[in-house]
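Asks: Below is a structure I'd like to ask you about.
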Amino acid sequence: MKKILILLLSASILVACSDDFTEIDPVGSLSDASLQNATGVDLLLTGAYSVLDGMRNGGPGADWTKSGDNWWLDAISDDAHKGSTDGDQADLLLIELFQWDTTNPYFEGRWQALFAGVNRANAVIDLINNAANPSDFSVQKAQARFLRGHYNFEIQRMWVNVPYISDENYAASEFNQPNSGPIWSQIEADFSAAAGSLPTSRGGSYSEPGRPLASAARAYLGRTQLYQGKWSDALTSLESVINSGDYALNSDFSANFRSAGENSSEMIFAIQFASDGGQSPQGNRGGTLNMPIGSMTGGMCCGFYQPTLDLANAFQTDSNGLPLANWSTTDISNDYGVYETEAHTPHSGPLDPRIDFTVGRRGVDLNGFGPMSGKDNIRASFTDISGPFVNKKNLYTAGDDTNRGTGGWGEQRTGINYHILRYADVLLMAAEAAVESGNLETGRNYVNQVRARAKNGPRADASPNYVIDTYNSSWSDQAAARNAVRHERRVEMALEGHRLFDLRRWNIMVDALNTYISNEGRTITNFAVKANPVSAKHNALPIPLNAIDQSQGALSQNPGH
Amino acid sequence: MKKAFLVVLMLSSSLIFAQDSISGSVSDENNNPIPGATIVVEGTNTGVVTDFDGNYQINASTGDQLTFSSLGFGSQTITVGNQNQINVTLMSSVDILDEVVVSGYQTQQRRSLSGAIGTVDTDEAFKTQVTNAAEALQGRVAGVQVTSGGGPGAAPIVRIRGYATTNDNSPLYVIDGIQTTDANVMRDINPKDIENISVLKDGAAAIYGARASNGVIVVTTKGGSYNMENTFEVDASYGISEVTRYPDMLNVQQHADMTWQSILNDGNSPSHPQYGSGPTPSVPVFLNVPMPSGPEYEGAGAKVSPNGTSWFDEIFDPASVTNVSLSASGGSEQGKFHLSANYLKQEGVIIHTGYERVSTRLNSEFKIGDKITITEHLNVTYDKEGTTSGNPIQNAAFSSPLVPVRDTNGNFAGTYSNSARVGIANNPVSDLSRGANDYNKNLRVIGDISMKWQITPELLFKTSAGVTMRDLNGRYFTALNPEHGEAISNNTLSEQSFRQDEWVVTNFLNYKNTFGDHTLDLLVGTEAQKDNYKGFGALRTNYLFEDPSFYLLSNGAGVPVISGASASSSSIFSLLGTANWSYGGKYFATATVRKDDTSRFANAESDAIFPSGSVAWLVSSEDWYDSSVFDTLKVRASYGELGNQQIGGSNLDVNISLLSEGSAFYAFGGSGGATAGANIATKGNPLLTWETMTSTNFALDMGFLDNKLTATIDVFSNETTGLVAQDTQKISTTAIDAAAPYTNLGSMKSTGFDLSLNYSDTTSSGVTYAINANATRAKNEVTELISEFYSGGSQRIGSMTRTSVGEPISYFYGRNVLGIFQTAAEVASHATQTGAGVGRFKYEDINNDGVINDNDRTKIGDPHPDLIFGVNLNLAYKNWDMSMFWNGSIGNDIFDYTALYYETPYFFNGNRSTAVLDSWSPSNTGAALPALSETTLNNEFSTSNSFFVRDGSYVRLRTLQIGYTLPDTFASKLGASSARVYYNGSNLLTLTDFTGLDPEVPRGGALDIGVYSAQYPTNSISSLGINIKF
């Protein structure tokens, strides 16, 4: 017994005397030191790509508020309603109705996700700057600058007066910077630098389609210049992309939204969503709500992101296959207010075939699931503001199981890539830059390339009356040309997250949206009654209140909010 | 060295002095025997305890001093002469100065105590069964605030002297020497095993150094007594609990009318899939909804209940509480023991919830020779906690009254389709029912073994090793819910498990001696502690059968997913010392110092010294003292520096990056597997160091009226510097998405007083009664911050709290509602307010710039009470006893965030409480709520404002107890020495203006105090029980 006592005694004293007893390293995590090598650069760089979809580490807002595909920003524009019933995601209802509270979680969710992106890119740049031989990592640094350019571009076009967080700011943890105005020059600098250092072709260690080529950086530079009205610079940048031969249009417009065609020649830069049989962490989590409901599609949810009547109307053509002159005051026939059990005659007038790759409407095939059934596929009721259509670009195609994601409620974390830049966009931007610089024929050429693809490509359904053609004669004047280019941009790029910003940079947002609200009210009467008037303050999103509160006075609110 | 030690040991066991055996009895002034009285030979660790007849036997030598003591009696010291028999009569005493108080590593008589240490009268607190030992602190110790944790098995939230940190404000628990900050530890101890609870409130806690700044709760468990007959105790009770308070909700006709009025107010023509269209709504007989497909739904309909479904009635159901404890204790000359077993089954007042616990304990002690004592405590507890997915209370609060619980085929009913416009809430009954087999199972072991070696009569060496281990295993199944408007298409099984263990090894030397009038009690020691945690979670989808017998991760058809894994450790090494000195029984002083070295901070900052000192003067023991006013008067003062290292994480000094599939991986190919990536998950702060609290305490202990009335008042001031919190202004919204670094960001001060009053007496007719009242005021103020302010967490309406200099921590912040606009002229004359209109809220123009916007936010409420109090009344007459215990909180506000769900149109198609009947209309201009609307206009319910701030004061009848002790004759027929039957009622009555479910708001983080968010309500329990001793 006494021996035991002695043992106990000695053991207890020994335990307390060990020197490194109070030095404990973290388990299962990476220290700064362990990242200071090539593997670390790659890990952080992948992390910088990862937040393209908005799914940052923690932070405010549900997945759908920070989504990288800008779906809810389309709901502000005349392209989309938020979808579902009014009470569902009431925060977004308030945004769509132009009651913009500075505490709205959608604003803060997207804001924080984008700054996460900027700073993850900064983390890579900072790490490379401090490496023994920074030049060993020029391609990685160029990718980081490309990504930072993208995140800052999104921040710029959403909030207008924005802070710029540089890699020096990052290194010094100086994250509270003033939002004294636009940061276009810094964005341009990133894309120019990326264009200079990114590989010009894929191959070897740089073969993955998710990484941008030098021409992608030039395309984004062109877009940045276009947003500033620098028409000739933009045209130069964009035409260098067109002339690079790196890209071409898919012969099938809809291939851009199917697994087989998403990473084809038309793709310049995309969020590479990938679904799997588990929780699909790389699927489009921000778009989880955006599937139609209804018995024919099986277990999908939740009926968000519905195209507007205004968008559907824009696909009307005249007998020459050109956009209908008075499309905005002419409604295509639709089944709003009619249950699927009641009769409905689909629109018989001429239509651009792209409508049925974009807008799901009753009686027309819904991405291979059979004819869209009408109300059964719509979650919203007839008193809600969301209308009778569903989104087709966002919906995976029946049998395209590679893109069918599980997780969340069911099969909505899709693998359909979101195109940040595709070649058709570059053509249309080049057309716009050309037209604005007075070079109408160049513009017509680019627009016609896009229309020719639509004309010659396959159709979504055999029954509708598709009539489409290219502009076969010169535009009468710059105004007509501008109108044609802008209209083409709308129907080609619909529901791809750009419409709101196009309207803003054309300085027509206030009038266009007020007109849209009143036109839409011809059918969805409650929408026109409930929506508040759009005014100049809506040209910038409000800076989130939490951002102002946490900035220690660095940030000030955008005018009017 | 070893040999020398052996020799000492052997000597010590063989040196037995010539001694005589002395026996006798101990009785009270009425000549009733006092069982369990302690007889100690002064200056040794020899001691015995009287048996049930008050008899004892002890070995002592002539000239030894024997001290006789028993709780509730004055002690007596007798010098042994020639006699073999010493009979002693102890006078009953309410003199609090005789109480033995556990002050940490030592015990002291209250007489000699100079710090602020509160004790719980455990006999009183545990006279009836309580389910969680921490409940014993509720209202019974001045300065301690206990808030119910909610659901069955949840640990109450304990705050000592309010808030003194931006950090975790939870006290340190010391269970028989084992230290932990895990509040759950209190639910795993059988309350019936607790002998003593002390609460160290001031610098006295400094002996626990770096973990002590939130106060320390020291729990000692029962250990039996030497030379004691074996006794057995059975305590059994059965009770019914129920929810007594919940909001009145609209019935279906009221809901229809409210819907109509809202649509009309917005200028639209009313139309609704359920209520039809036209001037008045019509309540449907069946819901107008498509039923899900499947054979079980064939021919089914969702029939609307006559008045609509009352969802609170559906989810709340009276529930039973069964509590059985068995214990045995006893002791011989050489050893003693206490063992017990407890079974508790507490059904939840919310259907399909509950808590079940089995705990066992063995405490024992034995002597090896005269000088060595070995002690052991072993507590093993197994519990099973039913978990709920979602928030059933929130769902019940905004589920439509149109939806029935089940359809006509007996399937659960639901919202079916969003276009049916019957809300978006999950049917809470179906959620609860489907989650009935979800659980967390815990196995906890708390145990220690120690050896005391009385090297000389003055010098004691003690070594001990203890461990607490918690093993959690959880299982949660998400079943398909075809009736829901957002039906899921994959069912999922999730499992979680972790193990947490903390061990501690303590060694100390204790020297006690008396030199003339001076008494010294010195202690020096070392302590090493280490905490380890490791856990993971996994989930899998696509289960063919929704049957618990099938719920294994291997049975799913989906891809298995590891949903999380983590591991961490932390350690502390400490040197500690304390010295107690007293002179003539009049002057007392204590000095304590502890040096802690922790793994939590970077090396340079990782050790710190925490000193404290206290003095006391027992004025009434002075020869010159005139006891005409006070019988007892004692003055105390203390000063101490205490640390707080209780901050969220183990390695806060370094940046931590993680390979995170969800937030850092990327599929560069657009399909297939993802490339691994990393992101910085946490920013470290190498400069981070301890929070240090400086505690100052002045106190008076007084006794009046022959000490029938005693009073203690402690006035305190706690100043905390280096407040630690996550610096969200450093990692602000424009920063990288890492968790903000923990930073020392300011100072705060908490001041106030604790007051307790006791009065007890026996009337001539034999009625014994006692009143114990205590009250605490603890007001805090932030005195320094490195940033202008910090905001609390953000919910649907943004952040609701703010912390800034000159204000209490976490005050409510938002727009101030002045009232409701009554006329267009009033709207026009007020500052420009977007959304303003007649019938809408009018906000105060705080900055007087003529525009209402975010710059017009201000302080709109204070979550900190002006006073918390408890009043305990005891009454006994012959065999009857009664006690009543009230407690309450006065002057605190509650931010009722749940009001968003049932008082506002935020979720328009859900139900509302009857509060909305008082909405503004031209005929109800004095309304409390603005005019009804379909959306949240005018920032009314989309940003924080004073509408949500409610008075949170309450007074609650916490317990009512009536007991009857069966006559001895009857008890002896049972073969028992005593038997008592009792009724116990808890939370029978609550007086409050708060309209939410429960004014007792469980506190979240220190920067979000007082935000009420549909927590599990406190319920009332009525139970009957019996206690038998053999």
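The values are calculated or read from the model by the stated rules, or taken from the named source; none is laboratory data. Note that the structure is a prediction, hence the values are computed from the model and not measured. We place every Cβ from the backbone using ideal geometry, glycine too, and count neighbours over all the protein chains shown. These accessible areas exclude ligands, DNA and RNA; they are computed on the full protein's heavy atoms, side chains included. Shrake-Rupley method; radii C 1.70, N 1.55, O 1.52, S 1.80 Å.
Asks: Roughly speaking, what % of Cα-Cα pairs in the stretch B:518-622 are separated by over 24 Å, rounded to a whole number?
Replies: Everything past 24 Å amounts to 60 percent.
Asks: Ordered by residue, what ³J(HN,Hα) values in Hz, to whole numbers, does the stretch A:311-324 give under the Karplus form 6.51 cos²θ - 1.76 cosθ + 1.60, where θ = phi - 60° and Gly and Pro are x?
Replies: Using θ = phi - 60°, the values come out as 5, 4, 4, 5, 8, 5, 10, 8, 5, 8, x, 10, x, 5 Hz.
Asks: Positive end of the dipole of the stretch A:62-144, charges at C-beta (+1 Lys, Arg; -1 Asp, Glu), about the Cα centre: which of A:PRO134, A:THR102, A:GLN112 has its Cα farthest in that direction?
Replies: Highest projection toward the positive end goes to A:PRO134.
Asks: Could you tell me how many degrees, from 0 to 90 and to the nearest 10, lie between the Cα long axis of helix B:2-14 and the main elongation axis, the longest principal axis, of the Cα atoms of chain B?
Replies: The two axes meet at around 70 degrees.
Asks: Moving on to the next point. Can you give the angle from 0 to 90° between the axis of helix A:214-227 and the longest principal axis of chain A, with both taken from C-alpha atoms, to the nearest 10?
Replies: Roughly 60 degrees between the two axes.
Asks: May I ask you to give the average projected area over all directions of the convex hull of the Cα atoms of the stretch A:163-264, in nm² rounded to one decimal?
Replies: Averaging across all directions leaves 9.0 nm² for the Cα convex hull.
Asks: Compute the orientation-averaged projected area for the stretch B:434-486 from the convex hull of its Cα atoms and round it to one decimal in nm².
Replies: Approximately 6.2 nm², given one-decimal rounding.
Asks: Right, next: HN-Hα J couplings of the stretch B:624-639 from phi, Karplus 6.51/-1.76/1.60, θ = phi - 60°, integer Hz, Gly and Pro as x?
Replies: Running phi through 6.51 cos²θ - 1.76 cosθ + 1.60 with θ = phi - 60° gives 7, 5, 9, 8, 5, 9, 9, 7, 10, 9, 9, 10, 10, 8, 9, 9 Hz.
Asks: Now for a different question. What are the principal axis extents of the Cα atoms in the stretch A:340-463, in Å, biggest first?
Replies: 52, 37, 30
Asks: Name the residues of the stretch A:358-400 whose accessible area falls by at least 10 Å² when all protein chains are present instead of the chain alone, probe 1.4 Å?
Replies: For the stretch A:358-400, once contacts with the other chains are taken into account, A:LYS375, A:ARG379, A:SER381, A:THR383, A:ASP384 lose 10 Å² or more.
Asks: Just the ratio, please: alpha-carbon radius of gyration of the stretch B:344-448 over 2.2 N^0.38 Å, N its number of residues.
Replies: Against the empirical 2.2 N^0.38 Å value, I get 1.83 for the stretch B:344-448.
Asks: Right, here's the next one. Just from its helices, what would the mean residue ellipticity at 222 nm be for chain A, if runs of 4 or more DSSP H residues each count -39500 (n - 2.57) and the sum is divided by every residue, rounded to the nearest 500 deg cm²/dmol?
Replies: Per the formula, -12000 deg cm²/dmol.
Asks: Go ahead and run the numbers for FRET between B:LEU705 and B:GLU42, Cβ-Cβ distance against an R0 of 25 Å, rounding to 0.05. Mind showing how you got there, number by number?
Replies: Details: r = 32 Å, r/R0 = 1.29.
The computed FRET efficiency comes out at 0.20.
Asks: Measuring with a 1.4 Å probe in the full set of protein chains, what accessible area per residue, in whole Å², belongs to the stretch B:631-771?
Replies: It amounts to 33 Å² per residue over the stretch B:631-771.
Asks: Based on Cα coordinates alone, diagonalise the gyration tensor for chain A, multiply each eigenvalue by 5, take square roots, and list the semi-axes in whole Å, largest first. Please list the in-between numbers first.
Replies: On the way: eigenvalues 381, 166, 111 Å².
For chain A, the ellipsoid semi-axes come out as 44, 29, 24 Å.
Asks: Something else: How long, wide and thick is the stretch B:749-877, going by the Cα atoms along their three principal axes, in whole angstroms, largest first?
Replies: Cα extents, longest axis first: 74, 43, 26 Å.
Asks: Please list, short to long, the whole-number percent of alpha-carbon pairs of the stretch B:391-458 in consecutive 5 angstrom bins beginning at zero.
Replies: Reading upward from the zero bin: 3, 13, 16, 15, 9, 5, 4, 4, 4, 4, 4, 4, 4, 4, 3, 3, 1.
Asks: Suppose we compare each residue of the stretch B:459-496 in its chain alone and in the full protein complex with a 1.4 Å probe; which ones drop by at least 10 Å² of accessible area?
Replies: B:PHE461, B:THR463, B:GLY485, B:GLU486, B:ALA487, B:ILE488, B:SER489, B:ASN490
Asks: A further question follows. If I model a spin label at B:GLU296 and B:THR925 as a point 7 Å from the Cα along the Cα→Cβ vector, what separation in nanometres do I get?
Replies: 5.7
Asks: May I ask for the equivalent-ellipsoid semi-axes of the stretch B:463-588, computed as the square root of five times each C-alpha gyration tensor eigenvalue and listed largest first in whole Å?
Replies: 59, 16, 11
Asks: Okay, next question. Lysines within cross-link reach of B:LYS192: Cα-Cα under 17 Å, excluding same-chain residues under 8 positions apart?
Replies: B:LYS127, B:LYS222, B:LYS345, B:LYS1029
Asks: Evaluate the stretch B:646-706: find the radius of gyration of its Cα atoms, find its Kirkwood radius, and give the ratio Rg to Rh.
Replies: Taking Rg over the Kirkwood Rh, I get 1.54.
Asks: Could you please state, rounded to a whole Å, how far the C-alpha centre of the stretch A:490-519 is from the C-alpha centre of the stretch B:693-707?
Replies: One Cα centre to the other: 74 Å.
Asks: Using only the alpha-carbon atoms, how far is helix A:423-436 inclined from the longest principal axis of chain A? Give it as 0 to 90 degrees, nearest 10.
Replies: 60
Asks: Same structure, new question: Would you kindly compute the Cα radius of gyration of the stretch A:62-139 and its largest Cα-Cα separation (Dmax), both in Å?
Replies: 18.1, 57
Asks: Please give the FRET efficiency for B:VAL805 paired with B:ILE771, using the beta carbon to beta carbon distance and R0 = 30 Å, rounded to the nearest 0.05.
Replies: On the way: r = 42 Å, r/R0 = 1.39.
Efficiency for this residue pair is about 0.10.
Asks: Hey, can you grab everything whose amide H is under 5 Å from the amide H of B:ILE455? Only 5+ residues off in sequence or another chain; H modelled, so Pro and N-termini drop out.
Replies: Here the answer is B:LEU460, B:PHE461, since their amide H atoms fall under 5 Å of that of B:ILE455.
Asks: Accessible area of B:ASP121, 1.4 Å probe, to the nearest 10 Å²?
Replies: 90
Asks: Determine ³J(HN,Hα), in whole Hz, for all residues of the stretch B:339-354 in sequence, where each value follows from phi through the Karplus function 6.51 cos²θ - 1.76 cosθ + 1.60 and θ = phi - 60°; x replaces Gly and Pro.
Replies: Residue by residue, the stretch B:339-354 yields 9, 8, 9, 9, 10, 10, 10, 10, 6, x, 6, 8, 3, 6, 10, x Hz.
Asks: Given just the C-alpha atoms of the stretch B:119-232, how large is their convex hull per residue in cubic angstrom?
Replies: Given the Cα convex hull of the stretch B:119-232, per-residue volume reads 117 Å³.
Asks: To continue, here is another question. Can you give the charge dipole size of the stretch A:146-196 about its Cα centre, rounded to the nearest 20 debye, using +1 on the beta carbon of Lys and Arg and -1 on the beta carbon of Asp and Glu?
Replies: 160
Asks: Starting from the Kirkwood Rh over alpha-carbon pairs, what translational D in µm² s⁻¹ does the stretch B:780-842 have by Stokes-Einstein at 37 °C and 0.692 mPa s?
Replies: Result for D is 234 µm²/s.
Asks: Set Lys and Arg Cβ to +1 and Asp and Glu Cβ to -1, take the dipole of the stretch B:871-1030 about its Cα centre, and tell me which of B:PHE1030, B:ASN911, B:ASN984 lies farthest positive.
Replies: B:PHE1030
Asks: May I pose another question? Expressed as cubic angstrom per residue, what is the convex hull volume of the alpha carbon set of the stretch B:724-820?
Replies: Output value, Cα hull per residue: 224 Å³.
Asks: With just the Cα atoms of chain B, tell me how far they stretch along each of the three principal axes, in Å, largest first.
Replies: Principal axes ranked by extent give 106, 68, 67 Å for the Cα atoms.
Asks: Need the list of lysines near B:LYS683 for cross-linking: C-alpha distance under 17 angstrom, and skip anything on the same chain fewer than eight residues off.
Replies: B:LYS730
Asks: May I pose another question? Over the stretch A:427-546, what number does the Rg to Rh ratio reach, with both radii from the alpha-carbon atoms and Rh per Kirkwood?
Replies: My calculation of the ratio gives 1.04.
Asks: So, one more: In µm²/s, what is D for the stretch B:875-1030 at 37 °C and 0.692 mPa s, where D = kT/(6 pi eta Rh) by Stokes-Einstein and Rh is the Kirkwood radius from Cα pairs?
Replies: The estimated diffusion coefficient comes to 170 µm²/s.
Asks: Roughly how many nanometres apart are two label points built 7 Å out from the Cα toward the Cβ at B:GLU546 and A:ALA528?
Replies: Going from the B:GLU546 label point to the A:ALA528 one covers 4.5 nm.
Asks: Okay, moving on. With unit charges on the beta carbon (Lys/Arg positive, Asp/Glu negative), name the residue among A:THR46, B:ASN510, A:THR341 whose Cα is farthest towards the positive pole of the charge dipole of the protein assembly as shown.
Replies: Of the candidates, A:THR46 comes out farthest on the positive side.
Asks: What's the Kirkwood radius of the stretch B:940-987 in Å, using all Cα pairs?
Replies: For the stretch B:940-987, the Kirkwood estimate is 15.2 Å.
Asks: Taking all protein chains as present, what is the carbon and sulfur share of the accessible area of the stretch B:440-557, in % to the nearest whole number, probe 1.4 Å?
Replies: Working: 2880 of 4920 Å².
C and S fraction of accessible area: 59 percent.
Asks: Hey, if we sort B:ASP431, A:ASP331 by accessible area with the 1.4 Å probe, largest down, what's the order?
Replies: The ordering from most to least exposed comes out as A:ASP331, B:ASP431.
Asks: Another question, if that's okay. Could you grab the Rg to Rh ratio for the stretch B:602-761? Cα atoms only, Kirkwood for Rh.
Replies: 1.31
Asks: What accessible area, in Å² to the nearest ten, does a 1.4 Å probe give for A:TYR423?
Replies: 10
Asks: Another question about this same structure. Compute the distribution of all C-alpha to C-alpha distances in the stretch B:211-348, in bins of 5 Å from 0, and list the percent of pairs in each, rounded to whole numbers.
Replies: 2, 7, 9, 8, 8, 8, 9, 8, 6, 5, 5, 7, 6, 4, 4, 2, 1, 0, 0
Asks: Quote the total accessible area buried by chains B and A together, excluding ligands, DNA and RNA, probe 1.4 Å, nearest 100 Å².
Replies: Summing both sides, the interface buries roughly 8500 Å².
Asks: Okay, next question. Can you list, bin by bin at 20 Å, the percent of alpha carbon pairs in the protein assembly as shown, starting at 0?
Replies: Calculated P(r), rounded to whole percents: 8, 32, 33, 18, 8, 2, 0.
Asks: How large are Rg and Dmax for the stretch A:48-193 when only the alpha carbon atoms are used, in Å?
Replies: 16.7, 57
Asks: Moving on to the next point. D for the stretch A:292-335, whole µm²/s, Stokes-Einstein with Kirkwood Rh over alpha-carbon pairs at 37 °C and 0.692 mPa s: what number?
Replies: Diffusion coefficient, whole number: 263 µm²/s.
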